[in-house]
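Heads up: the structure comes next, in structure tokens.
The values are calculated or read from the model by the stated rules, or taken from the named source; none is laboratory data. As the structure is a computational prediction, the values presented were derived from the model and not from experiment. So basically every Cβ, Gly included, is an ideal-geometry build from the backbone, and we count neighbours across all protein chains shown. The area values use the complete protein model at the heavy-atom level, side chains included, leaving out ligands, DNA and RNA. Shrake-Rupley method; radii C 1.70, N 1.55, O 1.52, S 1.80 Å.
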Amino acid sequence: MSVTQKKTGLARALAFVHAAEDMILAALLGAMMLLAVGQIVLRNLFDTGFLWADPMLRHLVLWVGLLGAAIATREDKHITVDVVSRFAPPRMRAAIRVATDAFAACVAGLVAYAGTVLIKNEIEFGSKTFLDLPSWTVEIVIPFAFAVISIRYARYAVIHAIEAARPAPADAEPEAGR
């Protein structure tokens, strides 16, 4: 198998993972909206509702938020405050991104580790949530999403380190923003 074929295979696998992430997020968001609207209709028209719906909606918000953050990281669309790097030359901007990406990767990695400890404890103590589900089944998204975010930020740190290490062309003018 040639290097080109391996890259193509890897690109296909990543495209599949990205599409799966997008579909899961859309399905969760759709389920969340349907459940919320259903609860509103049941309460207002029939003075009833599902007891499990509100806790489930809270967990769906957690899932949607964390999977959305993982997708935002994938697209390099996280909120940034980059006043200093906006006026820096391209190589300096890349160096600043290395530092911020590495920091974000470390923090997300620590949260993923803490989430793993949480899941381990939830399994050990047998905590339950709505519909008598084990708590860890709805909280598993915490270590998973933060691990994905950490890996993606680590990747960006490497990419920006390569950019920062490249010699600047002699005729290049400094850019004023990204």
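General remarks:
- From F16, F50, residue being under 30 Å from A102 (Cα atoms) and open to solvent by 40 Å² or more (accessible area, probe 1.4 Å): F16
- For segment 78-127, the set of residues classified as open to solvent by 50 Å² or more (accessible area, probe 1.4 Å), among the basic types (K, R) and at pLDDT 90 or above consists of K120 only.
- Of note, L62 satisfies the criterion of being aliphatic (A, V, I, L, M) and surrounded by 14 or more Cβ atoms within 10 Å (Cβ to Cβ).
- Residue in segment 105-114 that is touching a strand residue (DSSP E or B) at 6+ places or on another chain (Cβ under 9 Å) and under 30 Å from W52 (Cβ atoms) present: no
- Boolean, A31 is modelled with pLDDT of 95 or more, open to solvent by less than 60 Å² (accessible area, probe 1.4 Å) and assigned to a helix (DSSP H, G or I): yes
- Hits in segment 128-155 (condition: at pLDDT below 95, of a type in the set (F, W, Y) and either within 16 Å of the chain's Cα centre (by Cα) or open to solvent by 40 Å² or more (accessible area, probe 1.4 Å) (or both)): none
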